[in-house]
Amino acid sequence: MKTVINVSLSGHPKTFQLEEDAYKALQAYLDRARARLSRDPDHEEVLRDLEQSIGEKLGKSLRGDDRVVSRKEVEVVLEEIGAVNTGNGEAAAETTPFDRPRRFCRIDEGKWFFGVCQGLSAYSDIAVEWVRVIFIIGTFFTGGALILVYLLLAFVLPQVRDRREYDASLRTRAGTA
Amino acid sequence: MDPDKFNTLRKGFLEFLILSIVSSGRVYVADLMQRLSKTDFATQEGTLYPLLSKMRREQLLDYEWQESDTGPPRKYYKLAATGRKQLAEFREYWKSLTGLIEELGKPS
C-alpha cells in the first residue's frame, strides 16, 4: 500500500494528490526556501508565489488527469523553479532553527519570577506563554517537583538582561568558537 | 574568461533587464523568464520571485492580479514611477559607460 497525501497549494482551488516521497520532496524544498527567505520582509508572499508556480507546473504535468503525482514529477518541477536565491549571502541566513547557536540562561525582560521560562523560550524558539503552560501543567503532574527544578535552574543558569543581550552573547560565542 | 567575474556583473544587471522588459508593457513571470531564457541572463523562479518582491518593496515595480483561463489569477508586473526613472538613469549610464570603454581602449 502506498500513502497518498492531499496537498493544496497557494492560489489553486484543486488539491493535488502526492505520493508520500513526492510530498517529502516538496516539503523539504519549501522548508529550505522559508529558511533562505527568513530575512525577507515579504517572505510569506514570495512563498505563495513559489507555491503557485509549483501548482501551475504540476497541473501542466498532470494535463488535467486526476492521478497521483510521483516524486520524479515533483523533482522535475522543483528543478525547473530552482533553489531560492536571494542574492545576498543566503548561506548565513540558512542557519535553520535546529543548528543555530543557543545557550541556556535566564532572561530578565518580561520575567514572572526568575526568567527561567523566558530563557527556555529563547533557547527553544517556543513562545514563552507555551513554556509557562507546559511548566504549570508539568508542576501539577509531578506533584510540585518541577518547582524544585525551576528553582535549581534559577540558581545555576547565568542571567542576561533581555533578548538583545542574549543574541549578542550568542554572537560573541560564535565568534570566539 | 573568468566566469565568476562575469557572474557578479550579470547579477547586478538582471534588475535593470527586468525593468527594461517590464517597461515594454505588463508582464507575467513566465513572460519574463521566456524573454530572458534565450539570453545570457536566463533565470529561474527561485531567483526571480525574491528579486521581484524586493523591487516592488523599492517601488520600482508594481503588480496587479489578473484572471487566467488556465489556473488561478496571476500577478502582472508593470513599471512604477521610481522604476521608470531608474531605468532612464541606467540607460544613460550604460551609454556613457560603453562610450568610456571604447574611448579608453583606443591607443593613445
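FYI, it's all coordinate maths here, none of it is from the lab. Quick caveat: nothing in here was measured; it's all calculated off a predicted structure. Here the Cβ positions follow ideal geometry from the backbone for every residue, glycine too, while neighbour counts run over all protein chains shown.
Bin by bin, in steps of 10 Å, what percent of the Cα pairs in the stretch A:4-93 do you find, going until the bin that has the longest distance?
17, 51, 25, 7, 0
Could you state the principal axis extents of the C-alpha atoms in the stretch A:106-176, from the largest down, to the nearest angstrom?
On the principal axes, the stretch A:106-176 reaches 42, 22, 19 Å in Cα extent.
Given +1 on the Cβ of Lys and Arg, -1 on the Cβ of Asp and Glu, and no further charges, what dipole in debye does the stretch B:47-99 carry about its Cα centre, rounded to the nearest 20?
180
Once Lys and Arg get +1 and Asp and Glu get -1 on their Cβ, which of A:Q159, A:F113, A:L148 lies farthest toward the positive end of the dipole of the stretch A:106-176?
The one lying farthest along the dipole's positive direction is A:Q159.
Filter the trypsin sites (Lys or Arg not before Pro) in the stretch B:1-79 to those in DSSP coil with at most 16 other Cβ atoms within 10 Å of their Cβ, and list the result.
Those that pass, being in a loop and sparsely packed, are B:R26, B:K38.
Checking the cross-link filter: which lysines have an alpha carbon closer than 29 Å to that of A:K2, excluding same-chain neighbours under 8 positions apart?
Cross-link targets: A:K14, A:K24, A:K57, A:K60, A:K72.
Pick out, from B:G99, B:Y63, B:Q44, the residue whose Cα sits farthest towards the positive end of the charge dipole of chain B, with +1 on the Cβ of Lys and Arg and -1 on the Cβ of Asp and Glu.
Value: B:Y63.
Once you've got the GNM for chain A with C-alpha springs shorter than 10 Å, pick whichever of A:T142, A:T15, A:T86 has the biggest mean-square fluctuation.
A:T142
Quantify how much of the Cα-Cα distance distribution of chain B extends past 18 Å, in percent.
56
Between B:L9 and B:E103, what FRET efficiency follows from the Cβ-Cβ distance if R0 is 25 Å, with the result rounded to 0.05?
Approximately 0.80, to the nearest 0.05.
Could you work out [θ]222 nm for the protein assembly as shown from helices alone, using -39500 (n - 2.57) per DSSP H run of at least four and dividing by all its residues? Round to the nearest 500 deg cm²/dmol.
It lands at -19000 deg cm²/dmol.
Indicate the helices, whole DSSP H runs only, in chain A that combine a mean Kyte-Doolittle hydropathy of 1.6 or more with a Cα extent along their long axis of 18 angstrom or more.
A:128-141
Using a Gaussian network model of chain A whose springs link C-alpha atoms within less than 10 Å, name the residue from A:F113, A:F16, A:F104 with the highest mean-square fluctuation.
Ranking A:F113, A:F16, A:F104 by mean-square fluctuation puts A:F113 first.
How about the stretch A:133-165: which chymotrypsin sites (Phe, Trp or Tyr not before Pro) there are in a DSSP loop, with at most 12 other Cβ atoms within 10 Å of their Cβ?
none
Can you give the longest run of chain A that contains no GluC sites (Glu not before Pro) sitting in a DSSP loop with at most 16 other Cβ atoms inside 10 Å?
Longest site-free region, per DSSP loop and neighbour criteria: A:1-93.
Charges only on Cβ, +1 for Lys and Arg, -1 for Asp and Glu: so what's the dipole of the protein assembly as shown about the Cα centre, in debye to the nearest 20?
For the protein assembly as shown, the charge dipole is close to 460 debye.
Using a basic spin-label model with each label point 7 Å from the Cα along Cα→Cβ, how many nm lie between A:K60 and A:S10?
Distance between the two pseudo-spin positions: 1.9 nm.
If you put +1 on each Lys and Arg Cβ and -1 on each Asp and Glu Cβ, how big is the dipole of the stretch A:4-93 around its Cα centre, in Debye rounded to 20?
Here the size comes out at about 100 debye.
Please return the longest range in chain B lying between exposed loop sites, taking GluC sites (Glu not before Pro), DSSP loop only, at most 14 other beta-carbon atoms within 10 Å, and leaving the sites out.
With GluC sites (Glu not before Pro) excluded where exposed in loops, chain B gives B:1-57 as its longest stretch.
Cross-link partners among lysines for B:K5, C-alpha distance below 22 Å, same-chain residues fewer than 8 apart left out?
Within the straight-line cut-off, B:K5 pairs with B:K38, B:K95.
So what is the diffusion coefficient of chain A in µm² per second by Stokes-Einstein at 25 °C and 0.890 mPa s, using a Kirkwood Rh over Cα pairs?
Once the numbers are plugged in, D ends up at 125 µm²/s.
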